Amino acid sequence: MVWAILDFMVVLLFSLFWWTSHLIMKSQLYVVVYKCSSESADGEKAKGARSHLNRADSQGFMDMNGVEEGVEFLPTMNAKKVEKRGPKRWVVVTAVLIIFLLVSLLVGLLVWHFKYRRAPVQKVYNGHLVIQNLKFIDAYEISSLPAPELVMGAGILHAALQFIWPFLALIPPPGCSNGLLEGSVIAYYWSEFIVPAYRAKALDKAMADEQSLIQMVKYKSRNPMLQVNSIVAFRSCNFALHAKEGEITSFTTPGFPNSPYPNNARCTWVLRADVDSIISLTFKTFDVEVCSKGSDVIKVYNSLSPMEPDELVTLCGIYPPSYNLTFLSSQNVMLVTLITNAEGRNPGFKAEFFQLPKAKTCSKTLKGESGTFTTPFYPAHYPPDMDCVWNIEVPSTKNVKVHFNVFYVLEPGTPVSSCPKDYVEISNTKYCGERSQFVVASKNNKITVRFHSDQSYTDTGFSAKFLSYDSSDPCPGKFTCNTGRCIDKVMRCDGWVDCTDASDERACNCTTEQFRCNNGWCKPRFWLCDGVNDCGDDSDELQCKCPDKHFKCSNGKCIPETQKCDSKDDCGDGSDEGTCSKVVKSVPCKDYTYKCHNSLCVSKTNPECDGTKDCDDNSDEESCDCGIRSYSKQTRIVGGQDSEVGEWPWQVSLHVKSQGHICGASLISDKWLVSAAHCFQDESQIRYSDPKQWTAFLGLHDQSERTNEMVQERSIKRIITNSQFNDFTYDYDIAVLELQSPVNFTTTVRPICLPDATHDFPAGKEIWVTGWGATSEGGIGASILQKAAIRVINQTMCNTLLADQITSRMICVGILTGGIDACQGDSGGPLVSVESNNRLFLAGVVSWGDGCARRNKPGVYTRVSKLRDWIKQHTSL
Ligand code: ARG
């Protein structure tokens, strides 16, 4: 109770005088050249604040004395009158006083609660300003004497920033001698503020506005001649952390995860570990402004000073949680820095570090028929300053080869031809950079693999296996690529490159089903004139070229160049008018022109959401909140085709009660999905057309983790299948599903863009298909969402390959060599294409195929652009 009363008193006093004491500030040296004390200034402020408080105290006593006096006077008055009227007046006065006190207390309490209850925050800035016409004199370097110019400089800044009394270090600009900056100084400062929490934002804003800071410096210095060229203020935040034995220490950017990191900040985290230890640092979540020149950036150093030669990595952008962001030091220190600019604030990062004993050596002797080895700490980034040697020895009658499954030894900006920095060396040959699988063989039973990492920039490293082989028959029953890899004999001279060095397709005699390219390759005859440069020298397409000064239409017709882009459909399929470099607005509307909302048409292929306004009414750039992933970085594939979390946020898994995952679908708005009509055909036991049978899982990555917080589960309200769907030919294989309740867009749930009816996905274009379907023909479904890159196949050629079953509502996509395809369980799922601006569009819906991943049997997908109007008709999207 006593505490409560005291609390109220303090609140009252505080509320009365709050405006007098709302800002306290300290300053210190940044570059230690001069040091002058600001204690007097601070002292003054503090004293001022105290004297206000004292006055408030005495004021409080006076009021109370007044009340006491009033009470004492009463007995001296007429007793009767006092008896009758006295108590009434007394009651009124007391009541008024109590009400006044209560109201004051309430107001005070509210003010205290909303403005002061949160502890004041400390804000530190450092930066510099360039004063153009203040000549640098040697006296500035005498730290004990505050030179008059220095005081002036300090005064300028003090006045300019009102509350700052910074210590300044004045130095000549580095370029003094070039004449340009002659007669100017750079003043470095370091300022610390302690402000009430509610003023912190305003302070940040004031410090971030360079122009107004310059104006203020000029105005407050009362020296209009003074030329301040630039003034920069960075928020500084410095942390020092020491690893604890056997424990993981975590740290985050300021405010993470509740608020974004500050603008104009320079933060450092000094990480230390015990002697004879090294540090392992992992960024668990990483969400920083997307990389561009001058964007916010995080750097990790293998030392305590931010020097380029010790830099391990520069990071910006948004990384998916599965990305390998583990870095190791070569000694017991590490430095992490964050530099942010004036715009764009993201959540930042959460990182963890711990110490590890420093290994004496990473070299090894490996003996036996086979074995594996990797760079130290693989798949974490290997430490800098490392040299490892693996001496491999297989039985004396055999030879040895080393197969690198994963190889990332890349230093930014270094030539991979000479590998001057990090490298792997075998028999005097250096390997570096990012390489797909390769094999190095030795002519005897021994091989030595050396690995070197220099002081700066590290990478994931490699994972390798060694194998012994019979020198007379290195690949029993198989063909040996020049790289040492063994491939099936049928792959030799079949027109497809299977060895990474193409040695399986060299020195071939073409069969009757093949034709010979000018460069000597043999290619299947049906690849002739398919619009794709299969030979590499275009010789498969040359012979079907149109005569000089003629344009070849997509349907093969030749028209004079002059008829291209003349707003007339001379080809008959519109292909001469679809791809015109100059956008002609308001051309006659045709199948191949894009129709703006104002009903005018433009002659540009795929103008939707490409970042350029093509329609006068801007309708081509409207409704473009789609097709963008939340993570700006994509993991390099380390084996397999598992997707990253959030890589395909429009992917939906459709489950049937008691059966689990049956089909895929794509999210196109917060409540509509697109899928395949054949998924919803009734069967004797199950009514697949009944929405109640289905549950949609959005934001799902792993089928075994459907209760994860990233997953949103929805019931289905309506299933609309295309009435023209033909369950024999699979023509019009499309359906739209309405969700029972809308989903929230998050990092793992976002819609895909729908292509316009005129959107073109040309033959040869790389497209992605995703799903949890079978990973091989007749196999079982995947638990982790799978992805595969496939290519659009020429429509006519596909029709030949798939026995004339292809309609204009279908698009064939696949890899004719076989091996990559969608399969059972992928149906209804998305086929997406990366278009301009890195935006993804739904090109197709997984529909059918002749088996899975067979040679010359591409997958068939519903061509979404052809059914765009049908989607609009049913969803209004
Ligand atoms: N109809 C299959 C399903 O229901 C999809 C088949 C896709 N096949 C292919 N080879 N692309 O899951």
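The values are calculated or read from the model by the stated rules, or taken from the named source; none is laboratory data. Owing to the predicted nature of the structure, the values given are computational and were not obtained by experimental measurement. Cβ coordinates were reconstructed from backbone atoms using ideal geometry, including for glycine residues, and neighbour counts include every protein chain displayed. These accessible areas exclude ligands, DNA and RNA; they are computed on the full protein's heavy atoms, side chains included. Shrake-Rupley method; radii C 1.70, N 1.55, O 1.52, S 1.80 Å.
Expressed in nm to one decimal, what extension gain is obtained for the pair Arg706 and Gln122 from 0.36 nm per residue of sequence separation less their Cα-Cα distance?
Values: separation 584, 0.36 × 584 = 210.24 nm, distance 4.35 nm.
Length gained, Arg706 through Gln122: 205.9 nm.
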Amide H contacts under 5 Å for Ala441, restricted to residues at least 5 apart in sequence or on another chain and with H modeled in the peptide plane, are Val402
What accessible area per residue comes out for region 479-570, rounded to a whole number of Å², with a 1.4 Å probe? 56
For the table Lys765/Lys787; Lys293/Lys358; Lys613/Lys787; Lys523/Lys549, the rows whose alpha-carbon distance is greater than 27 Å are Lys293/Lys358; Lys613/Lys787; Lys523/Lys549
With labels modelled as points extended 7 Å from the Cα through the Cβ direction, what inter-label distance (nm, one decimal) is found for Gln132 paired with Thr365? 7.3
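Taking a ≥ b ≥ c as the square roots of the eigenvalues of the Cα gyration tensor of region 793-877, is the shape rounded (a/c under 1.5), prolate (a/b larger than b/c) or oblate?
Numbers: a/c = 1.85, a/b = 1.56, b/c = 1.18.
Cα axes put region 793-877 in the prolate bin.
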When the Cα centres of region 621-685 and region 294-345 are compared, how far apart do they sit, in Å? 34
Using each residue's phi in region 444-460, evaluate 6.51 cos²θ - 1.76 cosθ + 1.60 at θ = phi - 60° and report the 3J(HN,Hα) Karplus result to the nearest Hz, with x for Gly and Pro. 9, 8, 10, 8, 10, 10, 10, 10, 10, 10, 8, 5, 10, 5, 10, 9, 5
If amide H atoms are modeled at 1.01 Å from N in the peptide plane, then the residues at a separation of 5 or more from Lys523, or on another chain, having amide H under 5 Å from its own are Phe515, Cys517
Amide H of Ala665: which non-local residues (sequence gap of 5 or more, or other chain) have their own amide H closer than 5 Å, using H built in the peptide plane? Val652, Leu654
Taking all protein chains as present, what is the carbon and sulfur share of the accessible area of region 441-526, in % to the nearest whole number, probe 1.4 Å? 47
Note, region 765-778: 3J(HN,Hα) by Karplus (6.51, -1.76, 1.60, θ = phi - 60°), whole Hz, Gly/Pro = x, goes 5, 7, 9, 10, 10, 9, x, 9, x, 4, 8, 7, 4, x
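Among the trypsin sites (Lys or Arg not before Pro) within region 328-410, which fall in a DSSP loop and have no more than 13 other Cβ atoms within 10 Å of their own Cβ?
Lys360
Given a Förster distance of 35 angstrom, what is the FRET efficiency for Gln215 paired with Thr746, based on the Cβ-Cβ distance and rounded to 0.05? It would help to have the intermediate numbers written out before the result.
On the way: r = 43 Å, r/R0 = 1.23.
Once the sixth-power term is evaluated, E becomes 0.25.
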Gain upon complete extension [Ser658, Glu245; 0.36 nm per residue less C-alpha separation]: 143.7 nm
Computed FRET efficiency, Cβ-Cβ of Thr448 and Ala803, R0 41 Å: what is it to the nearest 0.05? 0.15
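Tell me which trypsin sites (Lys or Arg not before Pro) from region 626-694 have a DSSP coil assignment and no more than 16 other beta carbons within 10 Å of their own. Mind showing how you got there, number by number?
Details: sites: Arg629, Lys633, Arg636, Lys657, Lys671, Arg687, Lys692; in loops: Arg629, Lys633, Arg636, Lys657, Lys671, Arg687.
Loop-located and lightly packed - Arg636, Lys657, Arg687.
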Can you grab the distance from the C-alpha centre of region 773-830 to the C-alpha centre of region 516-581, Å, no decimals? 26
Rounded to whole Hz, the Karplus (6.51, -1.76, 1.60) HN-Hα couplings of region 561-568, x for glycine and proline: 3, 4, 8, 6, 6, 9, 6, 10
Quick one: dipole size for region 242-307, taken about the Cα centre, charges +1 on Lys/Arg Cβ and -1 on Asp/Glu Cβ, in debye to the nearest 20. 240
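Can you pull out the chymotrypsin sites (Phe, Trp or Tyr not before Pro) in region 717-805 whose DSSP state is coil and whose Cβ has at most 13 other Cβ atoms within 10 Å? Before the final figure, lay out each step's value.
Working: sites: Phe725, Phe728, Tyr730, Tyr732, Phe745, Trp768, Trp772; in loops: Phe725, Phe728, Tyr730, Tyr732, Phe745, Trp772.
Loop-located and lightly packed - Phe728.
Note the full-extension length gain between Asn405 and Arg516 as 0.36 nm times their separation in residues minus their Cα-Cα distance, in nm to one decimal. All intermediate terms of the calculation are to be shown ahead of the outcome.
Values: separation 111, 0.36 × 111 = 39.96 nm, distance 3.33 nm.
Taking 0.36 nm per residue and subtracting the Cα distance, the gain is 36.6 nm.
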Ignoring ligands, DNA and RNA, what accessible area per residue does region 772-855 give at 1.4 Å, in Å²? 36
